[in-house]
1. Here are some conditions: (1) in a helix (DSSP H, G or I); (2) within 24 Å of ASP94 (Cα to Cα). SER42 meets all but one. Which one does it not meet?
2. Could you give every pair whose Cβ atoms fall below 7 Å, whose first residue belongs to segment 72-96 and is on the phi < 0 side of the Ramachandran plot and part of a loop (DSSP other than H, G, I, E, B), and whose second residue is among the acidic types (Asp, Glu) and surrounded by 12 or more Cβ atoms within 10 Å (Cβ to Cβ), counting only separations of at least 6 or pairs across chains?
3. Tell me, yes or no, whether segment 47-64 has at least one residue that is surrounded by fewer than 17 Cβ atoms within 10 Å (Cβ to Cβ), among the small types (Gly, Ala, Ser) and in contact (Cβ under 8 Å) with a residue 24 or more places away in the chain.
4. Exactly one condition in (1) in a helix (DSSP H, G or I); (2) in contact with a strand residue (DSSP E or B) (Cβ under 8 Å, 6 or more places away or on another chain); (3) among the charged types (D, E, K, R) is not met by LYS58; state its number.
Amino acid sequence: MRELLNVFKALSDETRIRLLKLLQRRELCVCEIMQALDMTQSRVSRNLGILKKAGLVKDRRDGLWVHYSLDHESFNSYATPLLSLLKDWINDDDTIIKDIEKLSEAVKLSEEKEICKTG
């Protein structure tokens with residue numbers, strides 16, 4: 001039951017839902033997420049930590065950068081089915097649409113400046 005509660009607690013916050021919706025698009029570094037959501041590094045990192053603890057996201061280090069992605073092979077057996085459901089939900093929400101538009105701009109900027117290069 002603890003695993004289920006951790007997932008629901010992680011999903012109970014708008015910021016974390018927005019993070020997951022961005023990570024459905026591709027693997028991202030914190031700097032790209034910060035720009036897309038217009039949030040501070042500490043706020044993004046704190047929320048990514050909660051999602052990671054719940055088994056919803058994973059990270060990988062690439063030199064100085066840490067990249068985050070959805071964890072479809074989670075230790076938490078409830079995480080994967082809920083991530084699948086979330087993929088089809090709230091895609092037409094105004095906030096999510098704006099986040100995705102801002103993410104496109106952030107990714108272009110990071111590629112131009114070779115910031116947060118993904119492998």
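1. Unmet for SER42, out of (1) in a helix (DSSP H, G or I); (2) within 24 Å of ASP94 (Cα to Cα): (2).
2. Going by the 7 Å Cβ cut-off, the qualifying pairs are ASN76/GLU3; SER77/GLU3; TYR78/GLU3.
3. No, because not a single residue in segment 47-64 is surrounded by fewer than 17 Cβ atoms within 10 Å (Cβ to Cβ), among the small types (Gly, Ala, Ser) and in contact (Cβ under 8 Å) with a residue 24 or more places away in the chain.
4. LYS58 satisfies all of (1) in a helix (DSSP H, G or I); (2) in contact with a strand residue (DSSP E or B) (Cβ under 8 Å, 6 or more places away or on another chain); (3) among the charged types (D, E, K, R) except (1).
Coordinate-derived values only; no laboratory data. Predicted model only: the values in this text are computed from it and were never measured. Backbone-built Cβ (ideal geometry, glycine too); neighbour counts: all protein chains shown.
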